[in-house]
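One structure is given here, and the rest of the page talks about it.
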Amino acid sequence: MALPLFVTSNLSKLAEAESIMGMELSNVSVDIKEIQSLDPMAVAMDKAARAYAHVNKPLFVEDTGLFFNALNGFPGAFIKWAYDSIGTDGLCRILDAFDDRTAYVKVAVCFCDESGIKPFIGKTTGTITAKPRGPEGFGWNPIFVPDGSTRTMAELSRDSQTPLPARAEALLKLKEYLSVH
């Protein structure tokens with residue numbers, strides 16, 4: 001099977017996916033409307049179907065959500081809009097009213113070809129810092145500390161080019177699927 005197209009206009013995500021999967025990928029930017037859902041898997045599945053209808057070639061998409069346990073999972077897949085509206089400082093301040101700063105990240109990757117959609121999920125648990133730490137990177141990376149670390153994803157990325165564990169998990173599942181199909 002030929003490698004699928006990665007539907008993204010984010011060249012940093014493309015580079016990270018190539019690094020994680022250990023292969024050169026081609027990307028395509030497709031202007032499609034996203035459904036509104038807290039669940040990144042629902043968004044990714046819909047996005048994969050719409051992109052495939054537009055491109056008509058094997059492809060994969062990715063969608064990420066950052067879930068605050070104190071807020072029953074909000075902002076989830078709405079993290080991009082929350083980040084664009086209030087930034088990392090605002091995201092940190094939202095949790096100042098709560099004792100619980102735990103959170104988790106879910107990354108949904110969906111492969112789509114003529115036989116349908118195959119979903120893959122990755123999850124990383126952690127905490128949200130009181131203040132952003134580290135360079136910006138992927139938006140909210142300066143506020144998320146994965147379990148087992150004392151550094152934010154932005155601090156980890158700066159030092160070692162560490163990918164988000166949830167993204168790596170989902171993309172490695174896709175790579176394994178592609179190797180046998």
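The values are calculated or read from the model by the stated rules, or taken from the named source; none is laboratory data. Keep in mind the model is a prediction, meaning the values are calculated, not measured. Counting neighbours? That spans all protein chains shown, and the Cβs are built from the backbone with ideal geometry, glycine included.
Could you tell me how many of the residues in region 1-37 are in contact (Cβ under 8 Å) with a residue 40 or more places away in the chain, part of a loop (DSSP other than H, G, I, E, B) and crowded, with 16+ Cβ neighbours inside 10 Å?
Residues meeting the conditions: 3.
Consider MET41 against the criteria (1) closer than 20 Å to ALA168 by Cβ; (2) of a type outside the set (Gly, Ala, Ser); (3) part of a loop (DSSP other than H, G, I, E, B): it satisfies all of them except one. Which criterion is unmet?
The single condition MET41 does not satisfy is (3).
Give region 54-81 a look and list any residue that's part of a helix (DSSP H, G or I) and touching a residue at least 12 places away in the same chain (Cβ under 8 Å), or say none. Break it down stepwise before answering.
Pass one, region 54-81, residues part of a helix (DSSP H, G or I): 54-55, 69-71, 79-81.
Hits for region 54-81 are HIS54, VAL55, ASN69, ALA70, LEU71, ILE79, LYS80.
List the strands (runs of 3 or more DSSP E) inside region 85-181, counting only whole elements, that have at least 3 residues being surrounded by 22 or more Cβ atoms within 10 Å (Cβ to Cβ).
Details: elements: 102-113, 116-128, 144-146.
Result: 102-113, 116-128.
Determine whether region 67-80 contains at least one residue that is hydrophobic (A, V, I, L, M, F, W, C) and within 13 Å of THR125 (Cβ to Cβ).
Yes.
Please work out if ALA44 is surrounded by fewer than 19 Cβ atoms within 10 Å (Cβ to Cβ), touching a residue at least 60 places away in the same chain (Cβ under 8 Å) and touching a strand residue (DSSP E or B) at 6+ places or on another chain (Cβ under 9 Å).
Working: surrounded by fewer than 19 Cβ atoms within 10 Å (Cβ to Cβ): no; touching a residue at least 60 places away in the same chain (Cβ under 8 Å): yes; touching a strand residue (DSSP E or B) at 6+ places or on another chain (Cβ under 9 Å): yes.
The answer is no for ALA44.
Can you tell me which of (1) within 28 Å of MET45 (Cα to Cα); (2) among the small types (Gly, Ala, Ser); (3) touching an Asp or Glu at 6+ places or on another chain (Cβ under 9 Å) is the one SER85 doesn't meet?
With (1) within 28 Å of MET45 (Cα to Cα); (2) among the small types (Gly, Ala, Ser); (3) touching an Asp or Glu at 6+ places or on another chain (Cβ under 9 Å) applied to SER85, the lone miss is (3).
Table: residues versus (1) of a type in the set (D, E, K, R); (2) modelled with pLDDT of 95 or more; (3) within 14 Å of the chain's Cα centre (by Cα).
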{"position": "PHE68", "(1), (2), (3)": "no, yes, no"}
{"position": "ASN72", "(1), (2), (3)": "no, yes, no"}
{"position": "PRO75", "(1), (2), (3)": "no, yes, yes"}
{"position": "LEU91", "(1), (2), (3)": "no, yes, no"}
{"position": "LEU95", "(1), (2), (3)": "no, yes, no"}
{"position": "ASP100", "(1), (2), (3)": "yes, yes, no"}
{"position": "VAL105", "(1), (2), (3)": "no, yes, yes"}
{"position": "ASP113", "(1), (2), (3)": "yes, yes, no"}
